[in-house]
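The values are calculated or read from the model by the stated rules, or taken from the named source; none is laboratory data. Only a predicted model underlies this, so the values are computations on that prediction, with no experimental measurement involved. Glycine also receives a Cβ, built like all others from the backbone with ideal geometry; neighbour counts cover every protein chain displayed. Only protein heavy atoms, including side chains, enter the accessible area calculation; ligands, DNA and RNA are left aside. Shrake-Rupley method; radii C 1.70, N 1.55, O 1.52, S 1.80 Å.
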Amino acid sequence: MTVLMLGLGLLGLCYGTSWSTPGEVFASLTGTDRSVVISDWRLPRVLAGLVFGAALGVAGAIFQNLTRNPLGSPDVIGLDAGAYTGALFALTVLSGTSAQLATGSVVGGLIIAAVIYLLSFDRGFSGLRLVVIGIAVNAMVTAINSWIVLRADLEVAIAAVGWSAGSLAGVGWEDLGIPFTVIAVLLALMASRAHAMHQASLGDAIAVTTGVGLGRLRLLMVLVGVGCTATVTAVAGPIAFIALAAPQIGRRLAGAAGVPLLPAALTGAVLLQGADLVAQMLLAPVALPVGVVSTAIGGCYLIWLLSKEVARA
């Protein structure tokens, strides 16, 4: 998976309106023959695809461990929609600066996460109940988002609709410093608690017996999952289905019993970078938003997953 990720990254640096050979790419990266196109245009986009994909993969693994359900993904249970609501608030009510978009996305995601958790908590925590209520909340928040866009000024509405498709086009170095730092801190924090998360995925009784504080662990998992999702949404818009598909594909490739974080992160990076390349090549020279491609592929995966869950029931 790591080799595939690096290969897609190299392909992303070579591909564009003009093809660059791997030799030209290496020369630019090492500084012997610097190219603005490769270093300042393509490299930030490739790194964004890899890092944001890894963050979405980890966010999906966190919520699928939390709910113990393969449908427990931030985009399915409404966290993406909540982060988009917060960003829409920043666009329509405030001036829509990068800091306001990031703050709005995080706050919106946290509010929706708190609402879903409170509505699904009934004499204990149930992953299935959280997923079902999350799907319902997702539908309601999506309707609110549509209403906000319809009420916005024309220019803001056009910008909001374009942004909601999810795209890595135009991402530059100035957009990546803070998001990369936030994601690195969140991933390091979650990696330090990976063993406790694995114990919790085996059952509450086993987790308590091994000394895991379930309340604090679940709160940390929600904060990290929402933080990763909202940070990606603030920069690239909502990119659907990477968080849903990456953990399960990574789990099958790794042959793991639970939903481990590292395979989910690597698979998420491969899926998002691959989807972005397909989005650039499919109707070239016109580039599609990566969210369109990820939604089309992820929709097929969701149908297969639902069919499998129904057959199992």
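Worth a mention:
- Between 162, 298, 108, the GNM of the chain built on Cα springs shorter than 10 angstrom shows 162 fluctuating the most.
- Average accessible surface area per residue within the range 3-127, 1.4 Å rolling probe, Å²: 42
- Residue 253 versus residue 202: modelled label distance in nm, points set 7 Å from Cα along the beta carbon direction: 2.6
- Loop-resident sites, the range 25-93, for trypsin sites (Lys or Arg not before Pro), counting at most 15 other Cβ within 10 Å (DSSP): 34
- Among 233, 209, 267: highest mean-square fluctuation, GNM of the chain, C-alpha pairs under 10 Å: 209
- Distance (nanometres) between label positions extended 7 Å along Cα→Cβ at residue 114 and residue 308: 3.6
- HN-Hα J in Hz across the range 199-208 - Karplus 6.51, -1.76, 1.60, θ = phi - 60°, x for Gly and Pro: 4, 5, 5, 7, x, 4, 5, 5, 4, 5
- Gain in span if fully extended, residue 188 to residue 98, counting 0.36 nm per residue against the direct Cα distance: 30.0 nm
- Extension gain, residue 195-residue 219: 0.36 nm per intervening residue step, less the Cα-Cα distance, totals 7.1 nm.
- Highest GNM mean-square fluctuation among 146, 105, 120, for the chain modelled with Cα contacts below 10 Å: 146.
- When the solvent-accessible area of the chain is split by element, carbon and sulfur atoms take up 71 percent of it, the probe being 1.4 Å.
- Cα centre as origin, Lys/Arg/Asp/Glu Cβ charges: the chain dipole, Debye: 920
- In this rough spin-label picture, where each label sits 7 Å from Cα along the Cβ direction, the residue 33-residue 4 distance is 3.2 nm.
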